[in-house]
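The values are calculated or read from the model by the stated rules, or taken from the named source; none is laboratory data. Just so you know, these numbers come straight off a predicted model, no measurement behind them. Please note that ligands, DNA and RNA were not included when accessible areas were found on the heavy atoms of the full protein model with its side chains. Shrake-Rupley method; radii C 1.70, N 1.55, O 1.52, S 1.80 Å.
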Amino acid sequence: MWFSKNNFNPEYKTAVVFGASQGLGADIALRLYQRKCGVVLVARTEDKLKEQVARIRNQTTSVSQSTSAESSSESTPTPLDPLLEYSVCDIADYDSCVKLWDHLLNTLEVDPDFVFCCAGNSVPKLFGDLTGKELASGVNTNYLTAANAVHSGFKAVLQKNAGELIKTFKLRHVILFSSVTAPFPFIGYSQYAPMKAAVSALSLVLRQELMSYNYRVSCVYAGNFASEGFYEEEKTKPEITKVIEGPSDAMSPLDCCDMIFDKLAKGYDSIYTDFIGWVLGLSVLGTQPRNWGFFQVLMLLLFLIAEPIAFIIFVVLPIRKHLQPRVPVKQ
Ligand SMILES: NC(=O)C1=CN([C@@H]2O[C@H](COP(=O)(O)OP(=O)(O)OC[C@H]3O[C@@H](n4cnc5c(N)ncnc54)[C@H](OP(=O)(O)O)[C@@H]3O)[C@@H](O)[C@H]2O)C=CC1
Ligand SMILES: CCCCCCCCCCCCCCCC(=O)[C@@H](N)CO
């Protein structure tokens, strides 16, 4: 609850951040390192990972740290320096995840306290304009990256701790990244929203299945934030999609990160990063963890009364105004 802010303490612990070569993942890695948390950044592009490690080093007052096993170490780390490493891995590929976790647990000897699953990508287009490749990428990049990373990590931890009593398992914290499009899927996000809803469902199942292994599972339902991915998606985003998502202003990724950390510290496990997202999230309270549950139920009553009218005003009428069906081209 709001009065306790002691539920997220990364100091002197370690984290792996999947999807950390840019955007929110890179800023989460920066903030964790600034709070003396060891960090392993994971993504597919080594040059971008190297840039982020250099940026984190420059933006923190640390002395020397080691860099990744893939590149020579430039300085001798002192015992007080938190870990700062990167690993190149395409986590949409399960076998690559298995190798990555072997590298983490048995080469780096890092058993991360926190697992941030930030990898994701949206190609906002009208359904008819999408290609098969873009549909497949929606599944692989937004769902399989999260499921692979958590599943291969969980199996690797069980193998590493074979024979140990489960009650001796330390607290491990998985943070999944869904989107406001999960509770509120809308025009232009057919390649993305269903997968973010799947990530949300995965978080609900994992919370039940992993609790006895002392895992905490949180899910972030982010609104817009101004990352490299956001600017990329703006290139293909239909005008009607931009009109509808107008109330979700794109905040800075660092502000988004700070808000997420604040809510994790308060013990929230369903995290919204803007007001409109929180309101829309009321519609799917279901078995999600609640914060101020009584207040949420009251607001939900108001939402359910207003929703049909608001949906017509803010979704149906703009679609009618902006979207002229195009006559199929002659084959
Ligand atoms: N920006 C926004 O408005 C919103 C974003 N979100 C979600 O938040 C998360 C972060 O978003 P954002 O910062 O904008 O994302 P970006 O597109 O800016 O960055 C995505 C990161 O994921 C990595 N990545 C993508 N695919 C893979 C893969 N197969 N294996 C390993 N790494 C991968 C990319 O690195 P590389 O290409 O080098 O592999 C990159 O570092 C995503 O899950 C996104 O869906 C949710 C709501 C709003
Ligand atoms: C019931 C009637 C409601 C009327 C109000 C509608 C307001 C909708 C705001 C939606 C914001 C969506 C942000 C998506 C962020 C995201 O995930 C993409 N940037 C992909 O990265």
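The figures follow:
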| quantity | calculated |
| --- | --- |
| Whole-percent carbon and sulfur share, accessible surface of segment 258-315, 1.4 Å | 80 percent |
| Whole-number percent relative contact order across segment 171-292, with pairs defined as alpha carbons under 8 Å at least 6 apart | 31 percent |
| Heavy atoms of VAL42: accessible area, 1.4 Å probe, square angstrom to 10 | 0 Å² |
| Solvent-accessible area per residue for segment 280-320 (1.4 angstrom probe, square angstrom) | 66 Å² |
| Solvent exposure of segment 127-232 as accessible area per residue, Å², 1.4 Å probe | 44 Å² |
| Largest-first ordering by accessible area, 1.4 Å probe, given options HIS173, HIS103 | HIS103, HIS173 |
| Cα-based reach from LYS242 at 16 Å (exclusive), listing lysines while leaving out same-chain residues under 8 positions away | LYS125, LYS321 |
| Residue-level accessible surface for THR287, protein heavy atoms, 1.4 Å, Å² | 110 Å² |
| Solvent-accessible surface (1.4 angstrom probe) belonging to VAL98, in square angstrom, nearest 10 | 70 Å² |
| Residue-by-residue Karplus 3J(HN,Hα) for segment 126-133, coefficients 6.51, -1.76, 1.60, Hz, glycine and proline x | 5, 3, x, 8, 6, 9, x, 5 |
| Stokes-Einstein diffusion coefficient of the chain, Kirkwood radius over Cα pairs, 25 °C, 0.890 mPa s, in µm²/s | 117 µm²/s |
| Relative contact order computed over the chain (Cα-Cα under 8 Å; 6+ residues apart), in percent | 18 percent |
| Over 26 Å between alpha carbons, listed pairs LYS48/LYS266; LYS48/LYS155; LYS5/LYS36; LYS133/LYS263; LYS196/LYS237; LYS5/LYS48 | LYS48/LYS266; LYS48/LYS155; LYS133/LYS263; LYS5/LYS48 |
| Segment 125-194-segment 234-267 distance, computed between alpha-carbon centres (Å) | 19 Å |
| Most to least accessible of LEU30, LEU317 (protein chains only, probe 1.4 Å) | LEU317, LEU30 |
